[in-house]
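Read through the structure below, which is laid out as structure tokens, and then see the notes.
Values in this text are rule-based calculations from the coordinates and carry no lab data. The structure displayed is predicted, hence computed values, not measured ones. All Cβ positions, even for glycine, are placed from backbone atoms using ideal geometry, and neighbour counts span all protein chains on display.
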Amino acid sequence: MVNRIEVRGLGKAYHNRWLFRALDLTIADNSVLVVQGPNGAGKTTFLSIMCGLVAASSGGISIVLEGRQLSQGERRRQLGLVSPELKLYDGLSAVENLEFFSTVRGLPFSLPRARELLALVGLGTRGRDFVGNFSSGMKQRLKYATALWHHPHILVLDEPTSHLDEKGAQLVEQIIYEQRGRGIVVLATNEPREVKFGDQAIVLA
Amino acid sequence: MFAVTTLVAISFTLAGGLVEADIAASLLWIIFFFSAMTGVSRSFVQEEETGTSIGLKMAADPAPVFLGKFLFNAALLLSMAMLVVPLYLLLFNLAVVHVGGFLVTIFLGLVGLASAGTILSAIAAQSAVKGSLLTVLSLPILLPLLITATNATRTALYGGHLAGIMTDIAMLIFYNGTVLAASLLLFEYVWNE
């Protein structure tokens, strides 16, 4: 497989208590991995290790694209994350948040693309409003716009439909479907509706 | 605001009396130090408290993040100095003997406060006891800077051998270079768990 994510002997411990250990799996291109488990099992931690936000206690996760293992910097450019723990800048507008993260990524900012993404996530008329005035559902939608901005190969979703209404949940379903067609999706959830997206599942306990 | 308030309060307390060389120089750097701890320390703590650090970690390489924060903090402290220093000289009725040495010392000292304060803020932001940790960490790291800058400021204000200031300035340059280089090397490990 030219594009894949390899998990080898992965383990994470906090204060001598192992959340999980000896995890081995391969996530193929054009597939969705669902990570399940009870509260505190380590689902978010697993995703954080994948994104390079948290160091593993043992083993590791390799991301291979075009047959080559990515460095940490390259990994950052190929990952998009939506998570309850990820917060956007309340003092900036939706468009300004997209512009900031685009600039920080070293990418040119395009207002038409920003409008296109905001329209996709249902925030087409709210681009100039401060994020601090958004509802939790609107912030969640903006996180998707931010995560998709740089066309990541891998989309990492933690509780993907959190704070979203029915239309929002359908939007997430569409995003996951389209992302599967061009890359990989890794999502952590216990929602039955979201579990059915998976081609592959692991249960952390 | 803290700096101006402190200056005015001390000025009223002294009621126009003469300030001894050691005290005058120390006062200035005490004001700079606490202003830095108030302002610079928020660099990374605020990102952690508001949860925006994760988005930043996902989007940016560590080095540009550190440099951006450092440059902002340096600009902040230097802007503050442009208000505080003239007020300080006016309120304490001081005349600078070695103007060039005085200005270079202020510049290098504040850049040093900014660089050390930025990395210390990044370290403290990862801890549960942010404020306390920052205070404890800052003393041993900043003490060489503060002693050297105070020494150079005293010489610049009240006269003395120019060679003395040059030695202190060389020390400040060495300190800044060392702290900045070490910070750039270490920041990635501080920024990512």
query = Which one of these is without any contact (Cβ under 8 Å) to a residue 60 or more places away in the chain, more than 19 Å from the chain's Cα centre (by Cα) and within 30 Å of B:F92 (Cβ to Cβ): B:T148, B:T167?
reply = B:T167
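Taking the stretch B:36-87 as the search range and keeping residues that are aliphatic (A, V, I, L, M) and farther than 30 Å from B:L7 by Cβ, which one is farthest from the other protein chains (Cβ to nearest Cβ)? Break it down into steps so the answer makes sense when it comes.
Restricting attention to the stretch B:36-87, the residues satisfying the condition of being aliphatic (A, V, I, L, M) are B:36-37, B:40, B:45, B:54, B:56, B:58-60, B:63, B:65, B:67, B:71, B:74-78, B:80-85, B:87.
Restricting the remaining residues to those that are farther than 30 Å from B:L7 by Cβ gives B:54, B:56, B:58-60, B:63, B:65, B:67.
On the way: B:I54: 5, B:L56: 7, B:M58: 5, B:A59: 5, B:A60: 4, B:A63: 10, B:V65: 8, B:L67: 12 Å.
It comes out as B:L67.
Matching residues to (1) closer than 19 Å to A:L157 by Cα; (2) part of a strand (DSSP E or B); (3) in contact (Cβ under 8 Å) with a residue 24 or more places away in the chain:
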{"position": "A:E6", "(1), (2), (3)": "yes, yes, yes"}
{"position": "A:G9", "(1), (2), (3)": "no, yes, yes"}
{"position": "A:L19", "(1), (2), (3)": "no, yes, yes"}
{"position": "A:A22", "(1), (2), (3)": "no, yes, yes"}
{"position": "A:V35", "(1), (2), (3)": "yes, yes, yes"}
{"position": "A:F46", "(1), (2), (3)": "yes, no, yes"}
{"position": "A:I49", "(1), (2), (3)": "yes, no, yes"}
{"position": "A:G52", "(1), (2), (3)": "yes, no, yes"}
{"position": "A:G60", "(1), (2), (3)": "no, yes, yes"}
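Got a sec? Which helices (runs of 4 or more DSSP H) wholly within the stretch A:103-205 have at least 3 residues that are exposed (fewer than 15 other Cβ atoms within 10 Å of the Cβ)? Break it down stepwise before answering.
On the way: elements: A:111-120, A:136-148, A:166-182, A:192-195.
Output list reads A:111-120, A:166-182, A:192-195.
Results for (1) over 13 Å from the mean Cα position of the chain (by Cα); (2) under 19 Å from B:Q46 (Cβ atoms); (3) more than 11 Å from chain B (Cβ to nearest Cβ); (4) among the basic types (K, R), shown as yes or no for each residue.
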position	(1), (2), (3), (4)
A:G60	yes, no, yes, no
A:L70	yes, no, yes, no
A:R75	no, no, no, yes
A:L81	no, no, no, no
A:P84	no, no, no, no
A:G91	yes, yes, no, no
A:N97	yes, yes, no, no
